[in-house]
1. What distance in nm separates the simple spin-label points at residue 212 and residue 51, each placed 7 Å from Cα in the Cβ direction?
2. What FRET efficiency do you get for residue 98 and residue 170 if R0 is 30 Å and r is their Cβ-Cβ distance, rounded to the nearest 0.05?
3. Please list the equivalent ellipsoid semi-axes of region 62-204, computed as the square roots of five times the alpha-carbon gyration tensor eigenvalues, in descending order and whole angstrom.
4. Using mean Cβ contacts within 10 Å as the protection proxy, how do 89-97, 182-190 order, highest first?
5. Starting from the Cα of residue 153, step 7 Å along the direction of its Cβ; do the same at residue 177; then give the gap between the two resulting points in nm.
6. Taking 30 Å as R0, compute the FRET efficiency from the Cβ-Cβ separation of residue 203 and residue 76 and round it to 0.05.
């Protein structure tokens, strides 16, 4: 039985869908992916604390295609990694303490999609956030759906370090696991912007966080389908002519 919940903060009706709901087809109009990585190591030695060598590494990428980036620090225990995919963002950071250095690592992954539904209906958008318990205390994240055509924020959720100001229903402070049903009524005549972002920050420990989206299924653009169809037709014609010459 469908449950109806009225979100008064943004005035949007969200309808909970059954788990067997079919994916909702969307036409992706644009996609933007971003990752930011940072590592910092303070090397121990004979010098006074203020004069110890500091090794910093930074890497930032933006692209129109998914990203999977890795930044190695001063040792195998110091690194930052980020994945920004169509419906999955993930970061992993490690800055384990050693007798040679103290370290810090930060990572951020973000995906922004602009899309239009192929038909009116209730999109069974599902969200799962998974952290490597208990090593996700120093993570943050956000997700939002914005109706570009109507200029209305449909919903927005997120959390800060140590779970502060969280609007995501985590199962417990130690676990950093949440499942959300955000089924939303969408119109084929509208464009929507969907943003997902996660980040983690490690210092003398390791952190990881991942957010996945289900319920949305991208379909090729009509022009792409037409070009593919024309390409296959042309290939068939060429093959037929080639086969005809071979028989002669």
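Quick note: the coordinates plus some simple rules give every number you see, no bench work behind them. For clarity, every value in this text was computed on a predicted model and none was experimentally measured. Note that we place each Cβ from the backbone using ideal geometry, even for glycine, and neighbour counts take in every protein chain shown.
1. Those two pseudo-labels are separated by 5.3 nm.
2. Details: r = 32 Å, r/R0 = 1.05.
The computed FRET efficiency comes out at 0.45.
3. On the way: eigenvalues 217, 61, 22 Å².
In descending order, the three semi-axes are 33, 17, 11 Å.
4. Values: 89-97: 24.0, 182-190: 17.2.
Taking the mean over residues of other Cβ atoms within 10 Å, the ranking is 89-97, 182-190.
5. 3.0 nm
6. Working: r = 17 Å, r/R0 = 0.57.
Using R0 = 30 Å, I get an efficiency of 0.95.
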